[in-house]
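The values are calculated or read from the model by the stated rules, or taken from the named source; none is laboratory data. Computed from a predicted structure; not experimentally measured. Here the Cβ positions follow ideal geometry from the backbone for every residue, glycine too, while neighbour counts run over all protein chains shown. These accessible areas exclude ligands, DNA and RNA; they are computed on the full protein's heavy atoms, side chains included. Shrake-Rupley method; radii C 1.70, N 1.55, O 1.52, S 1.80 Å.
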Amino acid sequence: MSKSNTKIRKCLFPAAGYGTRFLPATKAIPKEMLPVLTKPLLQYGVEEAITADIETMAIVTGRGKRAIEDHFDISYELEHQIKGTSKEHYLTEIRKVITNCTFSYTRQIEMKGLGHAILSGETLIGDEPFAVILADDLCDNEGESVLLQMTKLYEKYKCSIVAVEEIPMDETNKYGVIAGDPLEESVLRVTNMVEKPDPKDAPSNLAIIGRYILTPDIFDIIRDTKPGKGGEIQITDALLTQANEGRVIAYKFEGTRFDCGSVDGFVEATNYFYGKSKS
Ligand code: G1P
């Protein structure tokens, strides 16, 4: 069976970044562990992957990120203290995550960009298509999760997929930006992609957000990809190589996305989920 026919079974979470925009909170706590209400950002991402029927979580960490491993593990002392008390329900969700998934970790030794972080995860993924979630893009949808929408699309197109949304033109320098030809409603075949272009150079206002499906040949391509914007190895540049062969599609997802890498987005997400929890 060709590898491209394989179902998406694994999700990669690049989680090695410093989170400088949230200092001093992120001095000793990984940014992926910052909570929106009571749940760390990364747990939202893992739960989204579970909705897409993914059970293997591959996490690329770095120095100072051990809290992530402890979070997705049993704390016997806590379990013992809380068992049979009125507080036990607080652990229900995380217990479900721990029981239903396996977690594997590798460390990104040097911070050389998102492409490099994804390449660091190769050892956890192997030779099969996989999903990528950037946990600071927090997504929510009343119907199917964004990643489930994408894994379903993968069944049809069997190629790399990036999630996109329209952004104000003056924000193109914060995102990877694509151009493409319409294939069907909400789906484009990508013809160009540029990492964080100035508005005057942007090929459109369709920005990539932190959800990807990647075919495994991306690893070899990243290895051959030269540092780009900011001197970093960019996944956007690696994907352009596939796009030039017609092997990348962009998907305008259904749902809401919060940029929890910024304080404003984080506050918006908090208010949104708080409102939802009260309704
Ligand atoms: C990364 C990618 C960028 C993408 C963005 C989505 O940038 O490089 O192409 O649009 O994630 O959040 P970062 O936000 O890590 O700078």
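Name the residue, out of G176, G255, G231, G246, that is open to solvent by 30 Å² or more (accessible area, probe 1.4 Å), in contact with a strand residue (DSSP E or B) (Cβ under 8 Å, 6 or more places away or on another chain), closer than 26 Å to I125 by Cβ and of a type outside the set (V, I, T).
On inspection, the qualifying residue turns out to be G255.
Of all residues in segment 101-119, which are within 15 Å of the ligand (Cβ to nearest atom), open to solvent by less than 30 Å² (accessible area, probe 1.4 Å) and either in contact with a Ser or Thr (Cβ under 8 Å, 6 or more places away or on another chain) or at pLDDT below 95 (or both)?
Result: Q108, G113, G115.
If we keep just the residues of segment 211-227 that are buried (at least 19 other Cβ atoms within 10 Å of the Cβ), touching a strand residue (DSSP E or B) at 6+ places or on another chain (Cβ under 9 Å) and of a type outside the set (S, T, N, Q), which is farthest from M169 (Cα to Cα)?
Step by step, filter segment 211-227, then rank; the result is I218.
Against the definition (without any contact (Cβ under 8 Å) to a residue 60 or more places away in the chain, within 25 Å of S277 (Cβ to Cβ) and either within 16 Å of the ligand (Cβ to nearest atom) or in contact with an Asp or Glu (Cβ under 9 Å, 6 or more places away or on another chain) (or both)), how does K39 come out, yes or no?
yes
Looking at segment 212-223, can you tell me whether even one residue there is in contact with a His (Cβ under 9 Å, 6 or more places away or on another chain) and of a type outside the set (K, R)?
The answer is yes; a qualifying residue exists.
Can you tell me which residue among I8, I54 is in contact with a Pro (Cβ under 9 Å, 6 or more places away or on another chain), within 15 Å of I133 (Cβ to Cβ) and open to solvent by less than 30 Å² (accessible area, probe 1.4 Å)?
Unique residue meeting the criteria: I8.
Restricting attention to segment 115-142, which residues are under 30 Å from Y274 (Cβ atoms) and out of contact with any Gly (no Cβ under 9 Å at 6 or more places or on another chain)?
A131
Applying the selection to segment 82-91, what residues are open to solvent by 70 Å² or more (accessible area, probe 1.4 Å) and part of a helix (DSSP H, G or I)?
Selection gives H89, Y90.
For P35, indicate whether it is in contact with a helix residue (DSSP H, G or I) (Cβ under 9 Å, 6 or more places away or on another chain) and under 23 Å from G265 (Cβ atoms).
Judged against the criteria, P35 is a match.
Six or more apart or on different chains, Cβ under 7 Å: which pairs go from a residue in segment 252-274 that's under 10 Å from L37 (Cβ atoms) to one that's more than 14 Å from the ligand (Cβ to nearest atom)? Could you list them?
Cβ pairs passing all conditions: A269/V36; T270/V36; T270/L37; F273/V36; F273/L37; Y274/L37.
Would you pick out the residues in segment 263-279 that are at pLDDT 95 or above, among the small types (G, A, S) and either open to solvent by 70 Å² or more (accessible area, probe 1.4 Å) or more than 17 Å from E48 (Cα to Cα) (or both)?
Selection gives G265, G275.
With respect to G64, determine if the residue is open to solvent by 50 Å² or more (accessible area, probe 1.4 Å) and at positive phi.
yes
Yes/no matrix, rows are residues, columns are (1) part of a loop (DSSP other than H, G, I, E, B); (2) at pLDDT 95 or above; (3) within 21 Å of A15 (Cβ to Cβ):
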residue	(1), (2), (3)
K156	no, yes, no
E171	no, yes, no
T191	no, yes, no
R211	no, yes, yes
T236	no, yes, yes
E254	yes, yes, no
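So is E69 assigned to a helix (DSSP H, G or I), out of contact with any helix residue (DSSP H, G or I) (no Cβ under 6 Å at 6 or more places or on another chain) and open to solvent by less than 80 Å² (accessible area, probe 1.4 Å) or not?
It is true that E69 is assigned to a helix (DSSP H, G or I), out of contact with any helix residue (DSSP H, G or I) (no Cβ under 6 Å at 6 or more places or on another chain) and open to solvent by less than 80 Å² (accessible area, probe 1.4 Å).
I'm trying to understand the selection: among the residues of segment 179-210, which are crowded, with 16+ Cβ neighbours inside 10 Å, more than 10 Å from the ligand (Cβ to nearest atom) and touching a residue at least 60 places away in the same chain (Cβ under 8 Å)?
Answer for segment 179-210, where residues must be crowded, with 16+ Cβ neighbours inside 10 Å, more than 10 Å from the ligand (Cβ to nearest atom) and touching a residue at least 60 places away in the same chain (Cβ under 8 Å): G180, V187, L188, R189, V190.
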